[in-house]
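My questions will all concern the structure given below.
The values are calculated or read from the model by the stated rules, or taken from the named source; none is laboratory data. Everything numeric here is computed off the predicted structure, so don't read it as measured data. Cβ sites come from the backbone with ideal geometry, for glycine too, and all protein chains shown count toward neighbours. Note: areas computed on protein heavy atoms with side chains; ligands, DNA, RNA excluded. Shrake-Rupley method; radii C 1.70, N 1.55, O 1.52, S 1.80 Å.
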Amino acid sequence: MKCHIPGPNVKVLGRTIHALARFGDELYLESSPDAILLRTLNAAESAYAMIKFNKVFFSYFNYNFYSTDDKEGLKCKISMKSALNAFKSPTHMDKQVENLEIKLDPESCKLIFIVKCKHGIVKTHFVSILDCKAMQAVYSKDLVHSRITCSQKIFTEALGNFQSSDDQVTIEANSNSFIIRNYIDCNIDLTKVIRTQINIKPTEFDSYVIGTETIITFTLKEFKALLGFAEALSLPLQLQFEITGKPVVFIVHNGTTFEAHFVLATSKPDTNTQASSTQNSSAVKRKRKEVHIKSNSPIKKKLHLDVDLSKYLDEDSHLFNYIDIPIEKDLNNIDELVHNKTTGSQSILHDNMECDNIIPASPTSKIKIKAIFKRCFESTFDPRSIQGLVLAENSDSE
């Protein structure tokens, strides 16, 4: 296989390699008579990415350049880190690179990248081939009943409200609403996590067709990676999914030049923590309302007068001992107790009042603070008027 890629398209290829690096650690390359396919798979085998570059993407393309009898094209697997070394700065590659040549010889163990830069600079990267096999995922995108097309900015702005610790996202879609929220494990205490839920109106999307109401959960890391790829190329995003348990497919394409498929495995969310977020919020509001009502209910307290009043007058520690008692039942008893104890406590109260009158008031300070150097700063001050022992003579002769 041998192909040439012009400068502007090298930037697209560089963006592709960097996006695939966020999915897996190995890159599968396969050539066919009319296209070159790049594939990768994450370690958990829950996310798969395939990007197809059609023949019109290249300025020169020959899938069978080294005269092999195999009509299926060449296949190889290389390390993703080795591929990234040839595309370190994809943002500026279109301004620096004039042409990129990719060669794959079936008899050698190297995939060669020849980067021809401006001012006659040529960079050659030899990448070791790890294996000569292809990888293919099994999924369907033509028979699905739910399809959504929109700009990637809608999902990018929505995910900006999520926490960095979130690793999965749940989508709940029906004909009238589209809800995206963070996934929370059922084993985690719900009072110690932040729940984020965003409701997007169907009118926000370019096209919105939902066959059956569906709730799906998939990984957030790969979702952000494909959104970054679509944002870098300023292309819309197509979302195709069926029911829980079947993969969701994200498609980014540019007419007849290239097409990218990102396939993410889905799982069923836990019904106790995910399905009824509105019910959980209403339950919390109900509990708060009950607590608010209890806190606003009047709690009336009366003096504890069921004991000898004179004893409490002598002991200051229990003079104001408050307890909760019913108001209506003990109101008459309190009046009777106060009336009965008044005659026995008048003398004690009178003595205490006389003692209060005997207590002297706080003494006033008779010491007045004088300014030490106040006289020195007055305009009429004459140093010669001071008579006494000179502790330190003037340093000047005058």
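Read phi for every residue in segment 146-158 and hand back ³J(HN,Hα) as whole Hz from Karplus 6.51 cos²θ - 1.76 cosθ + 1.60, θ = phi - 60°, with x for Gly and Pro.
For segment 146-158, the Karplus-derived couplings read 10, 9, 9, 10, 7, 7, 5, 5, 4, 6, 5, 5, 5 Hz, x marking Gly and Pro.
Another question, if that's okay. Read phi for every residue in segment 3-17 and hand back ³J(HN,Hα) as whole Hz from Karplus 6.51 cos²θ - 1.76 cosθ + 1.60, θ = phi - 60°, with x for Gly and Pro.
8, 10, 10, x, x, x, 7, 5, 4, 5, 5, x, 4, 5, 4
Using a 1.4 Å probe and counting only protein heavy atoms, arrange Lys221, Lys246 so the residue with the most accessible area comes first.
If we order Lys221, Lys246 from most to least accessible, we get Lys221, Lys246.
If contacts are Cα pairs under 8 angstrom and at least 6 residues apart, what is the relative contact order of segment 74-126 in percent?
So the answer I get is 27 percent.
Heavy atoms of the protein only, probe of 1.4 Å, neighbouring chains included. What is the accessible area of Leu27 in Å², nearest 10?
10 Å²
Here's another thing I want to ask about it. Once you list every other residue whose beta carbon is under 13 Å from the beta carbon of His119, what net charge do they have if Lys and Arg are +1 and Asp and Glu are -1?
+3
Principal axes first, then extents: for the Cα atoms of segment 102-142, list largest minus smallest coordinate on each axis, whole Å, largest first.
47, 29, 12
Quick one: of Lys52/Lys81; Lys118/Lys153; Lys123/Lys221, which pairs are farther than 26 Å apart, Cα to Cα?
Lys118/Lys153; Lys123/Lys221
Placing +1 at every Lys and Arg Cβ and -1 at every Asp and Glu Cβ, with all other atoms neutral, what dipole size does segment 84-184 have around its Cα centre, in debye to the nearest 20?
Result for segment 84-184 is approximately 340 debye, rounded to the nearest 20.
Label Asp131 and Asp25 with points 7 Å out from Cα along Cα→Cβ: what is the distance between them in nm?
Once both label points are built, they end up 1.4 nm from each other.
What accessible area, in Å² to the nearest ten, does a 1.4 Å probe give for Glu101?
20 Å²
Give me the number: length gained by fully extending Asp142 to Thr244, i.e. 0.36 nm times residue separation minus the C-alpha to C-alpha distance, one decimal in nm.
That works out to 35.0 nm of additional length.
Report the local net charge at Asn199: Lys and Arg +1, Asp and Glu -1, summed over other residues whose C-beta lies under 13 Å from its C-beta.
Residues near Asn199 contribute 0 overall.
Within 10 Å of each candidate Cβ there may be at most 16 other Cβ atoms; applying that plus a DSSP loop requirement, which GluC sites (Glu not before Pro) in segment 1-85 survive?
Filter output for segment 1-85: Glu45, Glu72.
When only the heavy atoms of the protein chains count and the probe is 1.4 Å, how do Arg22, Arg15 rank by accessible area, highest first?
The ranking, largest first, comes out as Arg22, Arg15.
Once fully extended, how much extra length lies between Lys153 and Ser395, figured as 0.36 nm per residue of separation less the alpha-carbon to alpha-carbon distance?
Result for the pair: 78.9 nm of gain on full extension.
Now a separate question. Can you give the local net charge around Tyr208? Use residues other than it whose beta-carbon is closer than 12 angstrom to its beta-carbon, Lys and Arg +1, Asp and Glu -1.
Counting the neighbours of Tyr208, the net charge comes to 0.
At q = 0.18, 0.24 Å⁻¹, what is the log10 ratio I(q)/I(0) for segment 153-260, with the Debye formula run over Cα points and no solvent?
Each listed q corresponds, in turn, to -0.99, -1.59.
Further question: What is the set of long-range amide H partners of Thr244 at a cut-off below 5 Å, with H atoms built 1.01 Å from backbone N?
Ile215
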